[in-house]
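J.: Below is one structure. I have some questions about it.
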Amino acid sequence: MSRPAVRDVYVVDAVRTPIGKFGGALASVRPDDLAAHVVRALVDRTPDLDPARIDDVVFGDANGAGEDNRDVARMAVLLAGLPVSVPGVTVNRLCGSGLEAVVQAARAIALGDASVAIAGGVESMSRAPWVLQKPERAFPAGHQQMWSTTLGWRMTNPRMPAEWTVALGEGAELVADKHKVGREEQDAFALASHRKAAEAWAAGAYDAEVVPYEGVDLTRDECIRDSTSLEALAKLKPSFRKDGGTVTAGNASPLNDGAAALLLVDEEGLRATGREPLARIGASAVTGIEPQLFGLGPVEAVRRALDKAGRGFADLTTFELNEAFAAQALGCLAEWPELDPEKVNPRGGAIALGHPLGASGARLAGSVAHQLAAAGSGTGLAALCIGVGQGIALVLER
């Protein structure tokens with residue numbers, strides 16, 4: 001029995017919300033509404049496409065403990081007013097969830113299980129609830145632990161080795177130790193992220209992809225600090241290690257709210273959209289690493305994805321690497337000596353733009369697609385580190 005030919009998968013369009021800061025402009029917006037907003041925007045921007053032709057909507061969501069419960073992808077379909085015949089599925093690979101959604105939707109199209117799909121991600125860290133574990137017996141007399149679902153470990157299995165369950169910031173410190181990345185280098189990296197982001201916005205580089213949420217006064221990513229300086233960053237105290245710490249609130253990504261989505265199609269679906277694609281989906285890879293060194297997760301994932309695509313670092317036009325922490329990003333760059341760092345995050349990264357966990361991977365993939373379209377040709381890469389020790393990478397081409 002012959003296997004069906006693998007189909008090419010194209011990115012027709014990619015959109016995202018402006019990214020809101022924790023407790024900021026988007027804090028009043030439910031995550032399912034954020035997801036519905038970007039889904040609706042894609043449909044509205046492609047009027048030739050009958051929404052009933054969408055075979056699936058795949059969304060990443062890292063927390064899922066609050067209003068994003070009950071399969072936020074399906075909720076987005078319904079809230080966006082798509083036909084009830086359009087299904088939706090939510091995936092979770094923590095910080096890599098949005099890119100995982102793109103990979104899974106692209107895989108379904110490549111194998112012929114779908115012709116048109118929407119892939120994206122969403123997170124409202126502002127609205128992530130506190131949760132209370134159910135007691136082992138009714139009406140306990142003692143106090144009960146309440147857990148925040150905003151970020152990081154909670155209700156940790158006691159069988160997990162202690163070195164695996166350190167705070168995310170301590171994991172970044174461990175990467176800094178491993179690669180001897182000092183405080184000054186991290187602050188300089190953070191400053192560059194803010195400057196590149198501010199310059200990109202001023203130049204209109206994000207105009208093609210950002211779709212503000214109606215009724216919210218936010219047209220630009222909320223965490224960009226145009227006026228920050230090395231002197232200002234140097235005054236911030238370490239957040240995780242009191243003695244000798246290098247990771248601060250200034251050289252780490254903030255807590256954020258936002259959503260992003262991409263419209264993916266095969267050749268038949270492309271004809272139905274009547275549009276020219278931004279880029280073509282290439283190879284992907286996901287890998288594992290010691291949980292406490294999660295920041296270095298992308299190192300091997302990137303190498304594997306490039307190898308599968310028959311590409312090398314010299315072939316890259318642009319590379320969107322998620323900046324969970326400056327220490328983490330610099331640690332990865334140290335392990336890719338053949339990579340030109342000028343190609344990395346040319347429009348700023350998550351330290352400035354923000355990191356709404358489940359949405360970030362879709363934001364990165366969409367940004368790469370738009371950058372390749374602007375360049376006219378080339379090869380792009382999107383990659384993220386993932387808590388609990390994973391890395392994910394995706395190659396796009398035009």
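The values are calculated or read from the model by the stated rules, or taken from the named source; none is laboratory data. Everything quoted here is computed from the prediction, not taken from an experiment. Backbone-built Cβ (ideal geometry, glycine too); neighbour counts: all protein chains shown. All accessible areas refer to the heavy atoms of the entire protein, side chains included, with ligands and DNA or RNA removed. Shrake-Rupley method; radii C 1.70, N 1.55, O 1.52, S 1.80 Å.
J.: Can you give me the ranges of the helices (runs of 4 or more DSSP H) entirely in segment 264-335 with at least 1 residues that are touching a Lys or Arg at 6+ places or on another chain (Cβ under 7 Å) and at pLDDT 95 or above?
T.: 267-273, 326-334
J.: Further question on the same structure: Find the strands (runs of 3 or more DSSP E) located wholly in segment 81-151 whose residues include 2 or more that are open to solvent by 10 Å² or more (accessible area, probe 1.4 Å) and touching a strand residue (DSSP E or B) at 6+ places or on another chain (Cβ under 6 Å), and list them.
T.: The qualifying strands (runs of 3 or more DSSP E) are 88-91, 130-132, 146-148.
J.: From Ala352, Ala375, grab the single residue that is open to solvent by 10 Å² or more (accessible area, probe 1.4 Å), aliphatic (A, V, I, L, M) and touching a Ser or Thr at 6+ places or on another chain (Cβ under 9 Å).
T.: Ala375
J.: Hey, can you tell me all the residues within segment 378-397 that are buried (at least 24 other Cβ atoms within 10 Å of the Cβ) and either touching a Cys at 6+ places or on another chain (Cβ under 9 Å) or aromatic (Phe, Trp, Tyr) (or both)?
T.: Ala383, Leu384, Cys385, Ile386, Gly391, Ile392
J.: List, please: which pairs have Cβ atoms under 7 Å, are six or more places apart or on different chains, and start with a residue in segment 212-237 that is in contact (Cβ under 8 Å) with a residue 60 or more places away in the chain and more than 17 Å from Glu323 (Cβ to Cβ) and end with one that is open to solvent by 90 Å² or more (accessible area, probe 1.4 Å) and part of a loop (DSSP other than H, G, I, E, B)?
T.: Note: pairs meeting the criteria are Pro212/Thr219.
J.: Any residue that is within 18 Å of the chain's Cα centre (by Cα), within 26 Å of Asp13 (Cα to Cα) and either open to solvent by less than 30 Å² (accessible area, probe 1.4 Å) or of a type in the set (Lys, Arg) (or both) - is there at least one of those in segment 266-276?
T.: Checked against the condition, which is being within 18 Å of the chain's Cα centre (by Cα), within 26 Å of Asp13 (Cα to Cα) and either open to solvent by less than 30 Å² (accessible area, probe 1.4 Å) or of a type in the set (Lys, Arg) (or both), segment 266-276 yields no hits at all.
Here is a yes/no grid of residues against (1) surrounded by 20 or more Cβ atoms within 10 Å (Cβ to Cβ); (2) over 20 Å from Leu263 (Cβ atoms); (3) hydrophobic (A, V, I, L, M, F, W, C); (4) at pLDDT below 95:
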| site | (1), (2), (3), (4) |
| --- | --- |
| Ser2 | no, yes, no, yes |
| Asp8 | no, no, no, no |
| Ala14 | yes, no, yes, no |
| Pro31 | yes, yes, no, no |
| Val38 | yes, no, yes, no |
| Asp56 | yes, no, no, no |
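J.: Then there's this: Quick one: in segment 241-263, of everything that is part of a strand (DSSP E or B) and either at pLDDT below 95 or of a type in the set (A, V, I, L, M) (or both), which residue is surrounded by the fewest Cβ atoms within 10 Å (Cβ to Cβ)?
T.: So, considering only residues that are part of a strand (DSSP E or B) and either at pLDDT below 95 or of a type in the set (A, V, I, L, M) (or both), the one surrounded by the fewest Cβ atoms within 10 Å (Cβ to Cβ) is Ala252.
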